[in-house]
Amino acid sequence: MYPRIQRPVRFSTSQSANHTQNDPSRPDLFYHLVAEPRPMWAVSFLESYDNKEEVIGWLPAEGEPVFEDFVENAAFLPLLHHALKTGLAEGVDDIQRNGAIQLQNGWMHVHDERNIPPLGRIGDPEDIIATVLVEDGEINADTYQPMPAYRVCTSYGVTKLTEGLAGRLKQVLLDHREKR
């Protein structure tokens, strides 16, 4: 069963000469029309389409697709987790660093920003991207553990990261593209 999202995303293949659409509600998301094996919208954080590994998932291009039609790309998750682990190791995100300072010692969840839990509460398992150990207010990125229940698309939308981690993910995707 695919996730259900209230707001449908509607596109027609004739809307764009270059076959790329920007999401009006999420400027960080792009929809690229790909024809193989059948016409699909490849959902990505990158402005151009190069390969399927950098795609978050797919939506059918025919009709009026909604996110319950979303098909997750399993090849994307290793890139996501690599980006987050290296970003946490290098301290690129103020939100995560400040969370570690507040916690001081213990395990800290890295939550998807699409559905932030109330203060002091644990988020929904499908919205917890990973868990890391915090020691003396510092994130120990070597303890990064991806959460197996995490989903890149839920009823709250597609993956949404904090600014620092989103920037790192975009850089990892571009670096991966260049290495191919």
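Net charge around residue 96, counting only other residues with Cβ within less than 12 Å of its Cβ (Lys, Arg = +1; Asp, Glu = -1)? Don't jump to the answer; show the numbers that get you there.
Numbers: positive: 85, 97, 168; negative: 90, 93, 94, 113, 138, 163.
Neighbour charge sum, excluding residue 96 itself: -3.
Compute the signed sum of charges (Lys and Arg +1, Asp and Glu -1) over the other residues within less than 10 Å, Cβ to Cβ, of residue 79. Within the 10 Å Cβ shell, the charges total -3. For the options 64, 53, 126, a Gaussian network treatment of the chain with springs between C-alpha atoms closer than 10 Å singles out 64 as fluctuating the most.
Computed over the Cα atoms of region 135-180, pair by distinct pair, the Kirkwood hydrodynamic radius stands at 13.3 angstrom.
If the convex hull of the alpha-carbon atoms of the chain is projected onto planes in all directions, what is the mean projected area in square nanometres? Before the final figure, lay out each step's value.
Numbers: hull surface 42.6 nm².
Computing the convex hull of the Cα atoms and averaging its projections yields 10.6 nm².
Across region 90-180, the mean sequence separation of Cα contacts (distance under 8 Å, 6 or more residues apart), normalised by length, yields a relative contact order of 30 percent. In the chain, the DSSP-assigned H stretches of four residues or longer account for a calculated mean residue ellipticity at 222 nm of -7500 deg cm²/dmol, using -39500 (n - 2.57) per stretch and the full residue count as denominator.
With each label modelled as a point 7 angstrom along the Cα→C-beta vector, the residue 142-residue 116 pair spans 3.2 nm.
Just so you know, the averaged projected area of the alpha carbon convex hull for region 62-119 sits at 6.2 nm².
Pairs of Cα atoms under 8 Å, at least six residues apart: use those to get the relative contact order of region 30-157, whole percent.
Relative contact order here is 17 percent.
Placing unit charges on the Cβ atoms of the charged side chains and taking the dipole of region 18-57 about its Cα centre, the candidate lying farthest along the positive direction among 37, 57, 25 is 37. A simple charge model with +1 on the Cβ of Lys and Arg, -1 on the Cβ of Asp and Glu and nothing else charged puts the dipole of the chain at about 340 debye relative to its Cα centre.
The value obtained for region 23-71, namely the Cα convex hull volume divided by the number of residues, is 78 Å³ per residue. With all pairs of separate Cα atoms included, region 99-180 yields a Kirkwood hydrodynamic radius of 13.8 Å.
Here, each number is a calculation from the coordinates, and none is a lab measurement. These numbers come from a predicted model, not from an experiment. Don't worry about glycine lacking a Cβ; one is built from the backbone with ideal geometry, like all the others, and counts go over all protein chains shown.
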